[in-house]
Structure formats: structure tokens, C-alpha cells
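Heads up: the structure comes next, in C-alpha cells.
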Amino acid sequence: MSERANAMRASILRSHGGPEVLRLSELPAPVPTSGETLIRVGAAGVEPGLDVRTRLNGAGWQLRFPHVLGASMAGTVISSPDAAAPDPGTRVAVAPNISCGECAYCRSGRDNSCAQREFLGIHHAGGYAEFCSVPTRNLIPIADSTSFAVAASTAVSFGTAWHLLVTRARVSPADVVFVVGAAGSVGTAAAQIAALFGARVVLGSRTPQNLRELSDEVRALGVVDTTTDFAPQLESIAPGGVDVVVETVGSDTWAGSVDSLAPEGRLVCCGGASGGEVGLTLRDLYRRNLSLLFSTSSTFEDLRLVLRLVDEGRLRPRVDKVFDLADAAAAHAAVEAGGLQGKVVIVPESAA
């Protein structure tokens, strides 16, 4: 492995709280068991939900302290007892979901619905460390041209957005897609994916001034400021309503998002950053033949396809800020401060 074969540096969470509870420490290096592969972490993404909210209050998960966060990561294969593991030195991204592999959902390729599903960085030690032992079947080789920072920025954001738009909403060139929260990592990914499929894209954000580059990239029909009643803005851009809404914000924008749908429109939702309690008036839904679809994360196959498109340069995750492992607290603070135009990643010095 290296001269640090028996120990490694990691950013440790010993209690819930603000960013300051993340402290650099030394731990025994993990030893992979059957079904696992040890990787040297090249980069770990800082995920607003799986990392930041889990650090703050657990986000509904019960952690065992001390704990190492880091759901999304990429790195280099070191060793494995598995004959089927990639060769040492292989550059890989890591799927963050751990599913049972045996239930009806897993056998049919719908592993993100597995009742036994767990997450790296929550139920198991994650990527805020120099080394991590991960399920061998979660490894996805990446091209030399794809940086670890980009690969680590892909798994959660782009995997989730792909599952929302492609698997659930079945986006097509005939669609107008309204991305709410387009300045966020999932929103940015959704805009790129919609454009990849030939759909016409409308971007919505509380910080529309940050969307100029993305708007040019996806050739957006327009940009909507969602801090106000955005119906008039949207009506001027898409007079007949939109076919698909990607809703990542929650209660603050929910009513406007539903109202913006054209007849037979589909709303896909993966979270509620501004609040999870929303209202529904049933007749407004069935009279327009609307569909409300919900999703969590992505399947292994979704992510394999997304990473191939990243390798080919057809999808382009953005990295806004890079922090050393010792500065994990500052990385979390940057995510909480907002105003980002891409992902925040943590890179161990040993990977530099």
C-alpha cells in the first residue's frame, strides 16, 4: 500500500454539529474482506444531503461514532481478496449505494429500491480518508482523461438526475423541461441531461445570475428567478406550460412547479431542500392528467452509463472548489454558504 500501510489520515465525525466537528485524525487503515476492495481515495464529493445534513443532525440516519463521511468517491485500486476485482492501479469511481443483490428489485436492475439498501459514508465508512474499503461490485472503471474530482462529482448528482429524467420521466426531444434549483449540483446535471436528449430547457434558480454559463451550454430557452411568483416569467418563455419539471427545492417552489405543467406533464422530485411538507389539490392533478414521480439516487446501471458519457465528454460535471482532507470543515462550510457553480470536493494529500 505505502509506508502508511497500517494507518491512515481521515476526517472524523465524533458528534453531530457544525462544520467544526469534522477533525483530522489517524485511524487504522481498513483491510478488505471477501467481497471488498481497498482503494486509495483520489477525491470525495461533499454531498449536501448525504454528507452535510448527516453531519448536522443525522438526517434520519443513526450513525456509530467515530464516523467517516463521504458517500461519493473515486480513486485507485490497491488490493482485494476477490479474483473478480479490478487490477491494482485501476482508476475507479464508486457507486455510493450498497444493495443486497438478491431481492426482486436488485435482480431486475432496480437496486435503488432495495429494502436493504445502505450508503457508503453513512452505514459504512466513507471517502473522507486516505483509504476506503468498498464493495467490489460497486467499482466502475473510469478513463484516464476523467479526473478523480470529476468522477467523485458524478455519482450522486448526475446519477440521481439521470434516474429522474431518463428512467422515471422518460425525457424526449419533444419535451420542454423546467429545472428548478438549476444552480445546484443535481439541477445542473438535469439541465445537461435534458439537453443531451434534445429537450428544450428552462432554468430556474434563486440565483439566476449564476446560470449564464449553464444557460449558454444547454442553449436554454430562458432563465427564471424563483424567489418570486415565477408563473409570469415562465408563461413568457413556455406559454403552453412545460412537459417535465425537475423539482429539487421543495415547499418553496412546489405549488409553482405543479402549476407550470402542461396537460399530461410529469413532475419528478428527488428531495426538498426548502422543506418536505407540500400541499396538493387532487382535482388540479387529475383534470390535467398530471404525473408526480419520485426517486432516490440511481441504479448501478444508470451510473455506469453516466460515467461512460462523462468519459466521452458528453456530460460535464463541474468542480467549483477543492479542499485538502485537513480542511474538510471548510469544505462543508463552503457548501452551506451556497453560491457555488459546481461541486465541492475533498482531496487527500496522498492522492495529489
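In table form, for the structure just shown:
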| quantity | calculated |
| --- | --- |
| Segments classed as helices (runs of 4 or more DSSP H), wholly inside the range 209-276, with at least 3 members that are within 24 Å of G338 (Cβ to Cβ) | 212-218, 254-259 |
| From A74, A95, residue being within 19 Å of L325 (Cα to Cα) and buried (at least 20 other Cβ atoms within 10 Å of the Cβ) | A74 |
| Some residue of the range 2-20 being assigned to a helix (DSSP H, G or I), closer than 21 Å to D324 by Cβ and touching a residue at least 12 places away in the same chain (Cβ under 8 Å) | yes |
| Residue list for the range 141-192, restricted to those being assigned by TED's automatic domain parsing to the domain that holds A74 and among the charged types (D, E, K, R) | D144 |
| Any pair with Cβ under 7 angstrom, 6 or more apart, that starts in the range 222-236 at a residue that is in the same structural domain as A255 (by TED's automatic domain parsing) and among the aromatic types (F, W, Y) and ends at one that is surrounded by 12 or more Cβ atoms within 10 Å (Cβ to Cβ) and not in a helix (DSSP H, G or I) | F230/G204; F230/V224 |
| Residue under evaluation R266, criteria (1) in contact (Cβ under 8 Å) with a residue 40 or more places away in the chain; (2) more than 30 Å from D144 (Cβ to Cβ); (3) of a type outside the set (G, A, S); (4) surrounded by fewer than 17 Cβ atoms within 10 Å (Cβ to Cβ), criterion not met | (4) |
| Every residue from the range 207-216 that is modelled with pLDDT of 90 or more and crowded, with 18+ Cβ neighbours inside 10 Å | L211, L214, S215 |
| Subset of the range 75-129 [among the polar types (S, T, N, Q) and over 23 Å from V150 (Cβ atoms)] | S79, S80, S99, S108, S113, Q116 |
| Filter result for the condition that a residue is within 24 Å of G42 (Cβ to Cβ) and either charged (D, E, K, R) or in contact with a Lys or Arg (Cβ under 6 Å, 6 or more places away or on another chain) (or both), over R168, R137, R200 | R137 |
| The one condition in (1) farther than 24 Å from H332 by Cβ; (2) surrounded by 15 or more Cβ atoms within 10 Å (Cβ to Cβ); (3) touching a strand residue (DSSP E or B) at 6+ places or on another chain (Cβ under 7 Å) that G89 fails to fulfil | (2) |
| Qualifying positions in the range 177-202 - in a strand (DSSP E or B) and either among the hydroxyl-bearing types (S, T, Y) or surrounded by fewer than 22 Cβ atoms within 10 Å (Cβ to Cβ) (or both) | R200 |
| Among (1) under 27 Å from A149 (Cβ atoms); (2) surrounded by 19 or more Cβ atoms within 10 Å (Cβ to Cβ); (3) outside the structural domain of I142 (by TED's automatic domain parsing), the one test that R219 misses | (2) |
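Each row is one residue, and each column tells you yes or no for (1) exposed (fewer than 15 other Cβ atoms within 10 Å of the Cβ); (2) outside the structural domain of S11 (by TED's automatic domain parsing).
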residue	(1), (2)
E277	yes, yes
T281	yes, yes
D284	yes, yes
R287	yes, yes
L290	no, yes
L309	no, no
E312	yes, no
P317	no, no
D324	no, no
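The values are calculated or read from the model by the stated rules, or taken from the named source; none is laboratory data. Predicted, not measured: the structure shown is a model, and the values here were computed from it. Here the Cβ is made from the backbone with ideal geometry for all residues, glycine too, and neighbour counts use every protein chain on show.
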